[in-house]
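The values are calculated or read from the model by the stated rules, or taken from the named source; none is laboratory data. All values derive from a computational prediction rather than experimental measurement. Cβ atoms come from the backbone with ideal geometry, glycine included; neighbour counts cover every protein chain shown. When the accessible area is computed, the model is the full protein with side chains, heavy atoms only, and any ligands, DNA or RNA have been set aside. Shrake-Rupley method; radii C 1.70, N 1.55, O 1.52, S 1.80 Å.
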Amino acid sequence: MAENIESNPFVDVSVFLFFEDISDKQGVEGFTNYMVGQAESLAKSVPEEEYETWDDFAKAVASGESVFSSFESIEQISKYGFVTNICPFSKAIREYIKRIGNFNPVHVEATDHYNHTIQPSAAHSACMMHQTYRKEVAKRIKIDGKPLQYAQIGAKAYTGDIALPPESWKKVLLEKAGISETQGFMEMRENSCLYLLYVEERSSR
Amino acid sequence: MMDIAIYSLVDDMVSKAGTEGVVEYWLRVGESYAERMGKEAYVGWPAFNVAMKEGRTSLTVEGEVNVLTDLAIIDKDGDVIGYVYALKTCPMAPTMRRYISRIGPIPDSDTDVADSYNNRIRDSAVSNYCITHQRFREIAANNVTVAKQALECLQLANKGMTGDVKMVPENLARINVDERHIKSILRSASCVFAIIVKGKSAGEEVVD
């Protein structure tokens, strides 16, 4: 596993403020667009990866050797179900609250905007960046020649609120992950993020 | 992960708002960050320096500083008007190392934004983040009083990841400290600044 280098919270907090300044000038839509846009750019900068088998990929992700787990510690809970125990933004969020106080309401507004216009999966504004990054990074990983697919199931905010997809999506996603709804809730009690990583099975003709 | 966003965000913003636009954003971020830290008051320089050493002031949220009490700044009457401080590690250094290790080389937009600031405002940035960091310290210092006197922060020198050094000669002259002395401090620090009583200088004149 690569060396774990801790960021300086001073920098983390200033990035949140940078986004707040963007929202002052360009509104919540500008905030959301920049958050999503920069995550896409960041993901496009990471090196591509190829794995021969699903197990090779799952092992690399869980050991922190894949670009997918560059910024978070990931655990595999079923063949396609994965969890992140500690949100990689939690330290930055705690430091913001410690140093500055309550989060600027624009973060909730931007999260709502994302949930209504892109997909209903963000529990905090940082989820927009994180989930976009994961979605784009997945496109750079191939397993047995097929691109990795990513779908968010649950995300928990520092307030304890959990963002879940609509019932009809949730059922399909949990089924694909091979876990029940109760198991999903149990995972969300222990972890900050639950999601699906998979490759499309070859269709038999 | 939030810190890593800086480079892709700056890259994106340069393409939309230009380097000058990014400099303006960073300056405003530094100001709002410092303004939201609140005000502080110390009875005298010893109390302030202990707080700096223990990391209790808004000026030390960026990291640990060496308080160079041997470098007291004296005005023409022999009164202490401030001290020199050295930030041990640049707050951006871990992010740079993480970015290089996980993503790749630092994008050119980092230098482009720093150059825009250096050419138009003050030649003191070794990376784009110096813009907000230095602004933060300047505004944060304005929110602190020592013995009921308002303070100001003077950027003196800093060192980039590749070893390039930026000095601010007008500020060195104002506190009457030799450039070679500051260079020797930079051997074990990444950023050197002075905190002095607002408007004072080591010379004959009081600066407005």
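Go through the range B:112-132 and give me each residue that's among the charged types (D, E, K, R) and either surrounded by 19 or more Cβ atoms within 10 Å (Cβ to Cβ) or more than 12 Å from B:K166 (Cβ to Cβ) (or both). If the condition is that a residue be among the charged types (D, E, K, R) and either surrounded by 19 or more Cβ atoms within 10 Å (Cβ to Cβ) or more than 12 Å from B:K166 (Cβ to Cβ) (or both), then B:D112, B:R120 are the ones that fit.
Tell me, please, whether a residue that is away from chain A (no Cβ under 11 Å), among the aliphatic types (A, V, I, L, M) and under 30 Å from A:F89 (Cα atoms) can be found in the range B:29-49. Within the range B:29-49, none of the residues are away from chain A (no Cβ under 11 Å), among the aliphatic types (A, V, I, L, M) and under 30 Å from A:F89 (Cα atoms).
Here is a yes/no grid of residues against (1) in a loop (DSSP other than H, G, I, E, B); (2) at pLDDT below 95; (3) touching a strand residue (DSSP E or B) at 6+ places or on another chain (Cβ under 9 Å):
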| residue | (1), (2), (3) |
| --- | --- |
| A:T132 | no, no, no |
| A:K135 | no, no, yes |
| A:K142 | no, no, yes |
| A:Y150 | no, no, yes |
| A:I153 | no, no, yes |
| A:Y158 | yes, yes, no |
| A:P165 | yes, yes, yes |
| A:S168 | no, yes, no |
| A:K171 | no, yes, no |
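Taking the conditions (1) aromatic (F, W, Y); (2) within 14 Å of the chain's Cα centre (by Cα); (3) over 22 Å from B:M52 (Cβ atoms) in turn, B:Y129 satisfies each one other than (3). Take the conditions under 25 Å from A:F31 (Cβ atoms) and either among the small types (G, A, S) or over 13 Å from the mean Cα position of the chain (by Cα) (or both) and apply them to A:D161. Does it pass? Yes: the conditions hold for A:D161.
Could you tell me which residue of the range A:1-19 is modelled with the lowest pLDDT, considering only residues that are open to solvent by 10 Å² or more (accessible area, probe 1.4 Å) and of a type outside the set (G, A, S)? This residue is A:M1.
For every residue, the table says whether it meets (1) open to solvent by less than 10 Å² (accessible area, probe 1.4 Å); (2) among the charged types (D, E, K, R); (3) within 19 Å of the chain's Cα centre (by Cα).
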position	(1), (2), (3)
A:F31	yes, no, yes
A:A39	yes, no, yes
A:E48	no, yes, yes
A:W54	no, no, no
A:T84	yes, no, yes
A:K98	no, yes, no
A:F103	no, no, no
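Listed by first and then second residue, the pairs linking a residue in the range B:119-133 that is in contact (Cβ under 8 Å) with a residue 24 or more places away in the chain to a residue that is among the hydroxyl-bearing types (S, T, Y), with Cβ atoms under 6 Å apart and 6 or more places separating them unless they lie on different chains, are B:A125/B:Y117; B:I131/B:Y117; B:T132/A:S14. Taking each residue of the range B:1-27 that is over 18 Å from B:M92 (Cβ atoms) and at the interface with chain A (Cβ under 7 Å from one of its Cβ atoms) and looking for partners that are open to solvent by 10 Å² or more (accessible area, probe 1.4 Å) and part of a helix (DSSP H, G or I) with beta-carbon atoms closer than 6 Å, six or more apart or interchain, yields B:D12/A:G37; B:D12/A:S41. Kindly indicate whether any position in the range B:142-154 is within 18 Å of B:K88 (Cα to Cα), modelled with pLDDT of 95 or more and within 12 Å of the chain's Cα centre (by Cα). Within the range B:142-154, one or more residues are within 18 Å of B:K88 (Cα to Cα), modelled with pLDDT of 95 or more and within 12 Å of the chain's Cα centre (by Cα). Of all the residues in the range B:84-106, those that are under 14 Å from the mean Cα position of the chain (by Cα) and crowded, with 16+ Cβ neighbours inside 10 Å number 7. Beta carbons closer than 9 Å, at least 6 apart along the sequence or on distinct chains, pair a first residue in the range B:81-104 that is more than 11 Å from every other protein chain (Cβ to nearest Cβ) with a second that is of a type in the set (F, W, Y) for B:G82/B:W45; B:Y83/B:W45; B:Y83/B:F48; B:V84/B:F193; B:Y85/B:F193; B:A86/B:F193. Restricted to the range A:58-82, and to residues there that are open to solvent by less than 20 Å² (accessible area, probe 1.4 Å) and under 18 Å from A:K176 (Cα atoms), the residue that is farthest from the other protein chains (Cβ to nearest Cβ) is A:G81.
Of all residues in the range A:148-180, which are charged (D, E, K, R) and open to solvent by less than 80 Å² (accessible area, probe 1.4 Å)? Break it down stepwise before answering.
Filtering the range A:148-180 down to residues charged (D, E, K, R) leaves A:156, A:161, A:167, A:170-171, A:175-176.
Passing the criteria: A:K156, A:K170, A:K176.
Condition check: more than 7 Å from chain B (Cβ to nearest Cβ) and in contact with a Phe, Trp or Tyr (Cβ under 9 Å, 6 or more places away or on another chain). Does A:T53 satisfy that? Judged against the criteria, A:T53 is not a match.
Condition first: in a helix (DSSP H, G or I), more than 14 Å from chain B (Cβ to nearest Cβ), hydrophobic (A, V, I, L, M, F, W, C) and within 30 Å of A:D21 (Cβ to Cβ). Can you find one or more residues in the range A:99-109 that meet it?
There is at least one residue in the range A:99-109 that is in a helix (DSSP H, G or I), more than 14 Å from chain B (Cβ to nearest Cβ), hydrophobic (A, V, I, L, M, F, W, C) and within 30 Å of A:D21 (Cβ to Cβ).
In the range B:38-48 there is no residue matching the filter, namely being of a type in the set (G, A, S) and closer than 30 Å to B:P107 by Cβ.
Per-residue answers, yes or no, for (1) open to solvent by less than 10 Å² (accessible area, probe 1.4 Å); (2) of a type in the set (A, V, I, L, M, F, W, C):
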site	(1), (2)
B:Q134	yes, no
B:E138	no, no
B:V144	yes, yes
B:G163	no, no
B:R174	no, no
B:H181	no, no
B:A189	yes, yes
B:I196	yes, yes
B:A202	no, yes
